[in-house]
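Please read the structure below before turning to the comments.
Rule-based calculations on the coordinates, nothing more; no lab input. Since the structure is predicted, the reported quantities are computational estimates derived from the model, not experimental observations. Cβ coordinates were reconstructed from backbone atoms using ideal geometry, including for glycine residues, and neighbour counts include every protein chain displayed.
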Amino acid sequence: MKQEVLVVADQRAGAIGFIDPAFQTVAGWIPGMVLAEHAGILPLGNGRCAWVDDAGGSLIVMDPFAATHPDPTTAIEHRISVAIPGEHIACDPSGRFVAVSTGLGQSWEPWSDLLSVVDLQAPGTPRSRRIRTRAGEPGVVVAATPDGPRVVVRHREPGAIESVSVDAILTEGAHCPQLRGESVETVGGAGHGDAYDPATGTMFVATERGLECFDVRGPAPIPLPTRPWEAPGRAYFLRFCPRRRLLVAVLREGGEHARRWDTWRNTLWVHDIDANTSRTTPLGDGMIFRFALTRASIAVARIHPAGDDLRTYDAKTLKERGRWVLPPMDKAPRPGVEPWDDADRRAVAGSPCGEWVAVTRGGHGEVHLVDAGTPGSALHTVNVPTPLHDGGHLGWLNLADSGPGDTVGR
């Protein structure tokens, strides 16, 4: 029985599928589904995951390990109606309660104030409850508290952290009532990137001020000391490693100048939560969109006009472990043009229990697999049925993980 599955989404082509990394083959491909790429894929434990289908307006709960040949749709356990477009997705530490916030979609102005919450263990078929909160681009975590789970929303412009009881949301009536909770309006206005540590009940938010921290164990969020980034730039994306109790980010200097993305200076930043210490190492210029964690490494895919590469760093020492040249993309971002405009990118994912890394070649329908534990090893290319424009999206699932681990979708 296979122990790992790589989930591959092509949100532009409207498809999602699976790769068996052990045999480096496509194990199934499901058309007609548009993954909300910004919200990403949320592992639930025991090989299951959740994500938002922006085409169907549904929360998809899926078990790729249960898919039967030749019908990959048998992997889908539930389709639960939620508000879209999906901006962020998160669950509580048990994987039972899932929250989905809504973003801008193709609008330039905030317009949706709907927040959806689902109890996956409710009697019968799970269904969502939706409430109105505040329009914007909210981040979200689901905190475990002594009085029951709470949805903690990170608002933007003006910045605020708001906590609402999950029980209160689930017992509200239909027709999307407004329900507001306790809030503290001290977070930086340009918040982007959230993480949650269940052991300490702390929510972490990446803002222009630094790493802002909040105790979310009670009804009202309590601000904790803010930690400066300690290197030029700021983070736009946070990942939490529950095994090593680390927060990981890439700091971007010059991000306000999107057309000069090839000159962005990038720094790998790792924070030890228990020791309250941080370490950094430079990553070079160019565009680093997201990164991945393996059992012992941090994998970073960098896009640059002079050539793209994949690098891995030891999570403890930040020493570079290996570097691989990546084949160029025909529609790679161009200097002088914003990298989000009609350009392909790269998604990256890592094995939670090993050292294998996957990275996409946007626009070419290719996923490269590499043994990051062996520097200098060859790239193994798997061809998928659709082009993976925009880079697609990746999620690596392992049967050995009994719970969500990181409770925020990536």
Taking amide H positions as placed in the peptide plane 1.01 Å from N, state which residues far from Leu44 in sequence (5 or more) or on other chains have amide H under 5 Å from it. Cys49, Ala50
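As a test of understanding, state the convex hull volume per residue of the stretch 4-398 from its alpha carbons, in Å³. Please list the in-between numbers first.
On the way: hull volume 50.0 nm³, N = 395.
With only Cα atoms used, the stretch 4-398 gives 127 Å³ per residue.
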Scoring only Lys, Arg, Asp and Glu (+1, +1, -1, -1) among other residues with Cβ under 11 Å from the Cβ of Arg227 yields -1
With a ≥ b ≥ c the root eigenvalues of the C-alpha gyration tensor of the stretch 11-60, is it rounded (a/c under 1.5), prolate (a/b larger than b/c) or oblate? oblate
Label point distance in nm, Thr68-Ala400, each placed 7 Å from Cα along Cα→Cβ: 3.0 nm
Over the chain, with a Gaussian network built from C-alpha contacts below 10 Å, which listed residue (Leu251, Leu59, Leu283) shows the highest mean-square fluctuation? Leu283
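Pop the C-beta distance of Met1 and Leu379 into the FRET formula with R0 = 22 Å and round what comes out to the nearest 0.05.
Numbers: r = 27 Å, r/R0 = 1.23.
Between Met1 and Leu379 the formula returns 0.20.
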Comparing Gly254, Gly173, Gly373, which has the greatest mean-square fluctuation in the GNM of the chain with Cα pairs linked when under 10 Å apart? Gly173
In the Gaussian network model of the chain, springs joining C-alpha atoms below 10 Å, which of Pro146, Pro352, Pro138 carries the largest mean-square fluctuation? Pro146
Students often get this wrong: which residues of the stretch 294-338 have the backbone nitrogen under 15 Å from the point 7 angstrom along Cα-to-C-beta of Gln106? none
Alpha carbon centre of the stretch 367-400 versus the stretch 169-216: separation in Å? 33 Å
Run through every distinct alpha carbon pair of the stretch 211-275 and return the Kirkwood hydrodynamic radius in angstroms, one decimal place. 13.5 Å
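Could you list the GluC sites (Glu not before Pro) in the stretch 248-340 that lie in coil according to DSSP, counting only those with at most 16 other Cβ atoms within 10 Å of their Cβ? Intermediate results must be reported in sequence, preceding the final value.
On the way: sites: Glu253, Glu256, Glu320; in loops: Glu256.
Loop-located and lightly packed - Glu256.
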Mind checking which aspartates and glutamates have their C-alpha under 20 Å from Lys2, skipping anything on the same chain fewer than 8 residues away? Asp20, Asp63, Asp71, Glu77, Glu355, Asp371, Asp401
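Which order do peptides 7-13, 310-316 fall in by mean Cβ count within 10 Å, highest first?
Working: 7-13: 23.3, 310-316: 19.9.
Put in order of decreasing packing, that is 7-13, 310-316.
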Sequence gap at least 6, Cα distance under 8 Å: using those rules, report the relative contact order of the stretch 4-398 to the nearest whole percent. 11 percent
When the C-alpha atoms of the stretch 268-408 are aligned to their principal axes, what extent does each axis show, in angstrom, from largest down? 43, 34, 32
